[in-house]
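K.L.:
Mind looking over this structure? Questions follow.
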Amino acid sequence: MRSERFKALYLAGEDFGNEAAGTTGDIIVYLRDKGDNIMWASGPDVPADTSTGYARGCLFVDSNVAAGTGSLYINKGTAATAEFSLVTQAA
């Protein structure tokens, strides 16, 4: 049981089919913008470039990566044509 002073927000997300997501596996969508574009999601592989429905700046967590490998991606494209890039730390 968690202590009362350590409260957390848990998000179950919305299951989203792989064909609509532009991935080989289904994804989970946690947040959408007012235009219904995906702002935050996770899944077993990163959406293909040119996928639609991902807001510019959308964060995607690849849940199927090896330990020590980057898993956070950001959409640098548009909602009409996604372009996901791995987020890396500055050296």
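K.L.:
Dipole of the chain, Cα-centred, from +1 at each Lys and Arg C-beta and -1 at each Asp and Glu C-beta, to the nearest 20 debye? All intermediate terms of the calculation are to be shown ahead of the outcome.
P.N.:
Details: 7 positive and 11 negative charges, 104 e Å.
Roughly 500 debye, rounded to the nearest 20.
K.L.:
Okay, moving on. Rounded to whole Hz and in sequence order, give me ³J(HN,Hα) for segment 23-28 from the Karplus expression 6.51 cos²θ - 1.76 cosθ + 1.60, θ = phi - 60°, writing x for Gly and Pro.
P.N.:
Using θ = phi - 60°, the values come out as 10, 8, x, 5, 10, 10 Hz.
K.L.:
Then there is this: Hand me the chymotrypsin sites (Phe, Trp or Tyr not before Pro) from segment 10-49 located in a DSSP loop with no more than 11 other Cβ atoms within 10 Å, in residue order please.
P.N.:
On the way: sites: Tyr10, Phe16, Tyr30, Trp40; in loops: Tyr10.
Answer in residue order: Tyr10.
K.L.:
Where Lys and Arg each count +1 and Asp and Glu each count -1, what net charge lies around Asn75 among other residues with Cβ under 10 Å from its Cβ? Don't jump to the answer; show the numbers that get you there.
P.N.:
Working: positive: Arg56, Lys76; negative: Asp49, Glu83.
So the surrounding residues net to 0.
K.L.:
Please compute the net charge surrounding Asp26, taking Lys and Arg as +1 and Asp and Glu as -1 over other residues with Cβ under 12 Å from its Cβ. Spell out each step's value before the answer.
P.N.:
Details: positive: none; negative: Glu14, Asp15, Glu19, Asp45.
Around Asp26, the surrounding residues sum to -4.
K.L.:
If each DSSP helix of 4+ residues adds -39,500 (n - 2.57) and the sum is divided by the residues in the chain, what number results at 222 nm, nearest 500 deg cm²/dmol? Write down the numbers at each step before the final one.
P.N.:
Details: 1 runs with 4 residues, N = 91.
Calculated from helices alone, the mean residue ellipticity at 222 nm is -500 deg cm²/dmol.
K.L.:
Here is a follow-up. Mind listing the phi-derived Karplus ³J(HN,Hα) values for segment 34-39, rounded to whole Hz, using 6.51, -1.76 and 1.60 with θ = phi - 60°, and x for any glycine or proline?
P.N.:
5, x, 6, 7, 6, 10
K.L.:
What list of ³J(HN,Hα) couplings, whole Hz, do you get for segment 54-70 from phi and the Karplus terms 6.51, -1.76, 1.60, once you set θ to phi - 60° and write x for glycine and proline?
P.N.:
Each residue of segment 54-70 in turn: 9, 4, 4, x, 4, 9, 10, 9, 7, 8, 10, 10, 6, 4, x, 10, x Hz.
K.L.:
Long-range amide H contacts for Ser63: which residues qualify at under 5 Å (H placed 1.01 Å from N, peptide plane, sequence gap of 5 or more or a different chain)?
P.N.:
Gly43, Asp45
Where a number appears in this text, it was derived from the coordinates with a stated rule and is not lab data. As the structure is a prediction and not an experimental result, all values here were calculated from the model. Counting neighbours? That spans all protein chains shown, and the Cβs are built from the backbone with ideal geometry, glycine included.
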